[in-house]
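Trainee: Below: one structure in C-alpha cells.
All of the numbers you see were taken from the coordinates with simple rules; none came from a lab. Owing to the predicted nature of the structure, the values given are computational and were not obtained by experimental measurement. Quick reminder, even Gly has a Cβ in these numbers, built from the backbone with ideal geometry, and neighbours come from all protein chains shown.
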Amino acid sequence: MKTKKSQFDKAVSRLSSQTLSDEVKSRMLDTIYAETPIATATPTPFVYGWSSWYRYAATSFVVIFLISTGTAYASLDSLPGDWLYGVKTEVLEPLALSLHFEAEGKNRYRLSLLQKRIEEVEELKEQGRATVAAVRINFDVTSDIVGQLENGAIFSEEGENEAISSEIRSYNSKIMDFDLQIDTIIKEVETVPAIMPTTNTDLDSVVNEKVEEIIDVDDVPKMGNVAEEVEVIKKVLPKTPLPIPEGSPVKSLSDEIVNKLDL
Amino acid sequence: MMETNNTQNKVLFESLFSEYVDVVYRLCLYKISDQAVAEDLTQETFTRLWKMMCNGSRIDKPKSYIFQIARNLIIDHYKSQKTLSLDALQEDGFDPKDKSIGPEVESDISLLKDSIESLETDYREAVYLRYVEGYKVKEIAEILDVSENLAAVRLNRGMNKLREKFTKS
C-alpha cells in the first residue's frame, strides 16, 4: 500500500518530537546511580578512543623506524614476492591513504594504486619473475583495493558516483572474463593432447611466447603464471596425436605452434 | 585518584545520557509502541552503560554501544512477550489500552513502520536515523559502526526505495 509523502513527513515529525520530560530523566538518573553507586566504582577511568591513539602511535613509530633505516624508501620499488613488498602495501600505502581525508581523495588514490599493481605485474614479467606466488600476492592486494573502491563508490551524501561504480564493475568483469579464459584454455590443454613433438629444443620458447600472447598485461593484471601454464601444456605434449575438436582454443594454439615449427 | 576517575566517568556518562536518552526513547517507542515499556528499556540501556563504565571496561565506540544495548533489549522484550498471551494478561487485570501511547502517535508509528520496515534490513536503520533523528552520514556510520561510505550507500539506496513507495500527493 502506497503512502503519501506528506503523511510520512507528518508522522516523522510527530515521532521526532517525542521526548522524555526533565522529571522523568532526573528520576532515571537517580535510579541508575542507586543501582550502581559511584562509590563502588573501580578506579579505572572510562576513556574511549585510546585504542585508536595506540594504533596511530604504533604505526607512526614503525614508519619512523622504517624511514630512518632506509627500509621505507627501498620498499617503494619492491615487487610482489620481495620481502619488502609487505612494507609497501601494508604500511606505507595504507598510511598514505589515511592522509586523504575526503572520500573522493581516498578513491582517487586507490585507483592510482590499481594502476601501480598493473605496472608491478608488467615489471615482474620483464624481469622473468612472474611466478605463481608473486602474481597471486599481487592479485590479493589488487582485489582488496577493488573491494575498498566498491564500498567507497559513494563520494558524498548526494548520491552514488555512477562513473566510479561503473569503472569498478568494468574492471571486475574484465578480471573475471580473463580468468575464465585462461582457465578454459588450461583445462582444454589438460584433456586434449596437442599435435606437437616433444623433442624440438625450440618448443619451450615457442609455447612460452604463445602463452604470453594470451596474457596481455596491457589490459588487466595477470591472472596466472606463464611458466606454470607452459608446464601444463608441455605435460600433455604428444604421446599420441589425436584430433583436436573444432573451435577449441587449443586447436588454434597448436596450429600456430605447428606452423612456427614447420611441421 | 579514584574520586577523580569516578568523577570523570560520571561527567562522561551524563553527557552521553543527555545526548542520547531521547534518541533511545524514540527508538524504543518506535519498535514497541508502548510508552511505559519504552521508558523502562531506555532506563535499562543507560543502566547497563553505566555499569560497564563502572567496571572499568573500555568502550571505544560509545554511540554504537548504546544503540547495540537498546537493540538487544528490544529483542529480549519481543521474545519475552511471545511467552505471554493477552488473555492471560487480561485475567490479571491488564488492559493493553492503559499502557499504549496515544492513538495519533500510534497511527504515526504504524505508518512509519509500513514504509521503513518493508525496506531491506541493511537500509532500515540508516533510513530511520536519517528521517527521525536527522543524523548525517558520519553520525549514522558511527552509530551503526560501519564506514561512512557504507552508511552512505545504505542510506541512499534505502531512501530511493522509500521514495518508490510514496504516491504523488
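Trainee: Given (1) more than 11 Å from the chain's Cα centre (by Cα); (2) in a helix (DSSP H, G or I), where does B:V23 come up short, assuming only one miss?
Mentor: Just one mismatch for B:V23, condition (1).
Trainee: Let me ask something else about it. Among the residues of region B:1-44, how many are among the basic types (K, R), over 12 Å from A:Q18 (Cβ atoms) and facing chain A (nearest Cβ under 8 Å)?
Mentor: Matching residues across region B:1-44 total 1.
Trainee: Another one. Tell me, please, whether a residue that is touching a helix residue (DSSP H, G or I) at 6+ places or on another chain (Cβ under 6 Å), among the aromatic types (F, W, Y) and more than 8 Å from chain A (Cβ to nearest Cβ) can be found in region B:125-148.
Mentor: Checked region B:125-148: at least one residue is touching a helix residue (DSSP H, G or I) at 6+ places or on another chain (Cβ under 6 Å), among the aromatic types (F, W, Y) and more than 8 Å from chain A (Cβ to nearest Cβ).
Trainee: Is there a residue in region B:45-67 that is within 8 Å of chain A (Cβ to nearest Cβ), of a type in the set (A, V, I, L, M) and surrounded by 16 or more Cβ atoms within 10 Å (Cβ to Cβ)?
Mentor: Taking every residue of region B:45-67 in turn, at least one turns out to be within 8 Å of chain A (Cβ to nearest Cβ), of a type in the set (A, V, I, L, M) and surrounded by 16 or more Cβ atoms within 10 Å (Cβ to Cβ).
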